[in-house]
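Structure, as structure tokens:
No value in this document is a laboratory result; all are computed from the given coordinates. Given the structure is predicted, the values throughout are model-derived calculations rather than measurements. With ideal geometry, Cβ positions are generated from the backbone for all residues, glycine too; neighbour counts draw on all protein chains shown.
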Amino acid sequence: MAPPLEPTGDERQQLQAEEGVVAGEEENKEAEWCYQWPVFRFDRAPRRLYHFRQQFRAGESPSGNFLKGVKWSPDGSCFLTSSDDNTLRLFYLPEDAFTDRAECTGAEIDGPDSYVSSLVVGEAETVYDYCWFPYMSASDPATCVFASTTRDHPIHLWDANSGQLRCTYRAYDAMDEITAALSVSFNTSGSKLFAGYNKFLRVFDVHRPGREFQQHSLLKGNDGPSGIVSSIAFSPTHIGMVAIGSYSQTTAIYSEDNMELLYVLHGQLGGVTQVLFSKDGNYLYTGGRKDPYILCWDIRNTIGIVYQLYRSSEHTNQRISFDIEPCGRHLGTGGEDGLVHIYDLQTGDWAASFQAASDTVNGFSFHPSLPLAASSSGNRRFDLLDNVEEKLSLSGDQNCASVWSFSGSLELGHDAAITDEALDSGDVSQENGRGKHPVGSLD
């Protein structure tokens, strides 16, 4: 029998390449299988994991300050709050929030703050809007930035680690005076910064700070929004599609490349304060000032609304923000009744609610990868001389921010799911010929 032939040099390289492809596919399959996606359970009330109130009441008039919103960073390592004292505060999550949430005792609303903010950025005037760089990662300091816009000032880009001002983006009016943006948002690639003004949209190149920008009028053809651009959102799947909400009770959808007007949506009772795409990009949710309903639009058929979601906001001028959880199945929104309402986005039906504060919950944001959420609450209290004693005695769940831990389950890969009951019993582990290690509880 003839001995087997040794492969030639070219054949050997081809075999090595094929082996590399197979190994790469195995690694991808393993990574895909091991990925754990949180599925929220709203039939159980969440637990207040961390609570913050004292840091927002320091100063000469502690009751005069109140929170105005909260936003998680894209990597989920921290969250950012905005308050009426013209200050942005950054709170990093402790390590136990990622590993041992079940062991945490929870926070008391009348106790001391769970921990102190890692960063405090003071602005000179009222903060209109702020947003995170979409690819922010705590492991890459170059990406740890967020943008803010304030009254009578240019757009600021802040370093989330040091609190230093990285750069500014300046827009000027016809009198060559700086004009402030009313809303800001990075596009999906993070290469451009969109800023909303009165009847105009200005686009800055992120890599070229200064006064260079592209200006787009929203009144072309008299079809677009005619008021202040109050909110900007980009579709996560339909690349190049941007939604713009305005105080003229109008929402418009444009093509990002040439700002061609695609759709105009009417139906909000008040000025639009927030626009948000669904996770699949097929639906758009809009909310308005003093409007008790969040409207759902199918951007593939914009003749009418799909359904509307109720929230208590008809008696407040505040912006009441809402958010969609990572799996895209539910939406959470605050309200002036102190409740956070959860809705099933497949049917538009109410799913659950819980008491987050005793005053207006104006901010609610889901963590991007864990069964956590953050809320902010507060409202302006007028300084009445006859009411000084009462004014200074706020309860623990007023003018505060909280982090909530939800019960849930982990989805592994495409066809496996781990429930929190199995996690609590200790019967579940990750074992598929790739080593065995326990999965942390979601409680």
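The figures follow:
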| read-out | value |
| --- | --- |
| Summed side-chain charge close to E108 - residues other than E108 whose Cβ falls under 15 Å, Lys, Arg +1, Asp, Glu -1 | 0 |
| Members of K68/K279; K199/K220; K68/K290 lying beyond 21 Å, as alpha-carbon distances in this model show | K68/K279 |
| Residue order, fewest to most surrounding Cβ atoms within 10 angstrom, among M241, M175 | M175, M241 |
| Order of K71, K290 - criterion: other Cβ atoms within 10 Å of each residue's Cβ, fewest first | K290, K71 |
| Dimensionless Rg ratio for the stretch 188-272, taking C-alpha atoms and the 2.2 N^0.38 Å reference | 1.05 |
| Local electrostatic count at Y285 - Lys and Arg +1, Asp and Glu -1, tallied over other residues with Cβ under 12 Å | 0 |
| Qualifying GluC sites (Glu not before Pro) for the stretch 155-263 [loop in DSSP, other Cβ within 10 Å: at most 13] | E177, E212, E260 |
| Per-residue Cβ neighbour rank within 10 angstrom, fewest leading, Y293, Y169 | Y293, Y169 |
| The stretch 148-214 - charge dipole about Cα centre, Lys and Arg +1 at Cβ, Asp and Glu -1, debye rounded to 20 | 160 |
